[in-house]
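Notes for the one structure printed next.
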Amino acid sequence: MRNKTFHFLLFFPLFLFVLSSFAQVPEDLTSSRSVVIIDVPDQDVKGFKVRADWKKLARTAHGGLKQIGVDAILYLNRDDLKAGPEITLVYENVLMNRRVSNLILIQEVGEGYEKAYKLKIFDKVQGIALYDPYYSITAPGMEELMLLLGRQVLRQGVSRSNLLILDQPEYLDNLSLFSGTRFVNVSSRLKSQTLAVILFDTITAPSGLSEQDLVEIKNENVLIRQQNAELANIMQRYPLKYELVYFKGIEDLYRKGFQYVLLPVISTGKTIKKMLDYETSDAETMYVSETQHLNDKPVLKKIPVQAVQAKYYIKQTIVNDIHVGKRWDADVSWQQALNNFLDNIFFDLQLEN
């Protein structure tokens, strides 16, 4: 009965919908695998930027996509795609290994009466930059959004062969950033090795983008260059040998002679702890970060576990060991997190700050 009702509604006039559409849906949308990327605004909680319940939107989207025949095998948070250079590569490998054909971006935008939902479909071959969609629609609610997508699938007569679709969305909650040993210290070998420090990578615009996409990329690259200038300025505090480099993979750094690399991960505190193999508890609501050191004593800072924050770690390129430091030193910005980690390097290696 539910499917019949859904198909009946597909043919109702959609007078109240806000619709903007580019081209058509991919012809393999209901015969191949897709990954859905969810983008919801963060919430301000007592001065902290806290991630909203994006999985709630994922569950709502999954029901509609399943009815249409879209095999959404995995749901990801958009911010996690750019949580760190290593993480981006891991996600790209996941898409390749699981033979994903299309990426579906679902966004919640605006507030109150102005709240709306956008859906864009991208060809996975373009990577995960999420520019130049095959198809794009906007509606005031999720039900209307799915009806618009379903109408387009019916209008095109897209072949449907996805039959074994999961009942509930699947998430990649156990992503690990290392395959070697995890050390709760900072290696003393840094005193004799050049540390690779990863720059933020600018975006290369593919051909054929809209003017709006080009402007967005241009503005994003301005911010990235500013971040790299900040990174270079902060690293001047580091008294040992280092080099600012772009990230093309751990193996590439090893071939270039780097044995250690400094890397960031930016996500919720709880997600970061899972990625770096810290112990976590569902009962925890706050993490206590040890930030700067005054008179050999740390300054403590409480941050909600779901707040967006940054944590730096060092990876050894030859064996994929990681060094997370003796203290949990995540902070609400990558700049503060980097300064915290440098402070902990000075403290652990007894260097002059």
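The values are calculated or read from the model by the stated rules, or taken from the named source; none is laboratory data. Computed from a prediction, not measured in an experiment: that's the story for all the values here. Note that we place each Cβ from the backbone using ideal geometry, even for glycine, and neighbour counts take in every protein chain shown. Surface areas here come from the heavy atoms of the whole protein model, side chains and all, with no ligands, DNA or RNA. Shrake-Rupley method; radii C 1.70, N 1.55, O 1.52, S 1.80 Å.
Miscellaneous remarks
- Candidates Asp277, Asp321 - the one that is over 17 Å from Gln193 (Cα atoms), among the acidic types (Asp, Glu) and in contact (Cβ under 8 Å) with a residue 12 or more places away in the chain: Asp277
- Identity of the residue in region 235-255, open to solvent by 60 Å² or more (accessible area, probe 1.4 Å), in contact (Cβ under 8 Å) with a residue 60 or more places away in the chain and over 17 Å from Leu177 (Cβ atoms), that ends up farthest from the chain's Cα centre (by Cα): Pro239
- Here is the figure for region 1-40: residues that are closer than 17 Å to Lys115 by Cα, surrounded by 10 or more Cβ atoms within 10 Å (Cβ to Cβ) and modelled with pLDDT under 95 total 3.
- Scanning region 162-176 for residues that are within 16 Å of Glu86 (Cβ to Cβ) and in contact with a strand residue (DSSP E or B) (Cβ under 7 Å, 6 or more places away or on another chain) turns up just one, Leu172.
- Residue match in region 181-196 (condition: aromatic (Phe, Trp, Tyr) and in contact with a Leu (Cβ under 9 Å, 6 or more places away or on another chain)): no
- Matching residues, region 302-315, being closer than 15 Å to Val197 by Cβ and more than 18 Å from the chain's Cα centre (by Cα): Ile314, Lys315
- Strands (runs of 3 or more DSSP E) fully within region 75-172 that include at least 1 residues being under 30 Å from Tyr246 (Cβ atoms): 100-109, 116-123.
- Within the option set Val184, Val197, being loosely packed, with under 13 Cβ neighbours inside 10 Å, over 30 Å from Asp53 (Cα atoms), at pLDDT 90 or above and in contact with a strand residue (DSSP E or B) (Cβ under 9 Å, 6 or more places away or on another chain) holds for one residue only, Val184.
- For Glu211, the criteria (1) over 25 Å from Val319 (Cα atoms); (2) under 19 Å from the mean Cα position of the chain (by Cα); (3) acidic (Asp, Glu) hold in every case but one, which is (2).
- For region 52-63, a residue qualifies if it is assigned to a helix (DSSP H, G or I), open to solvent by 10 Å² or more (accessible area, probe 1.4 Å) and not hydroxyl-bearing (Ser, Thr, Tyr), and the qualifying residues are Trp54, Lys55, Lys56, Leu57, Arg59, Gly63.
- For the residues Phe48, Phe122, the requirement of being over 20 Å from Glu144 (Cα atoms), touching a residue at least 40 places away in the same chain (Cβ under 8 Å) and touching a Pro at 6+ places or on another chain (Cβ under 8 Å) singles out Phe48.
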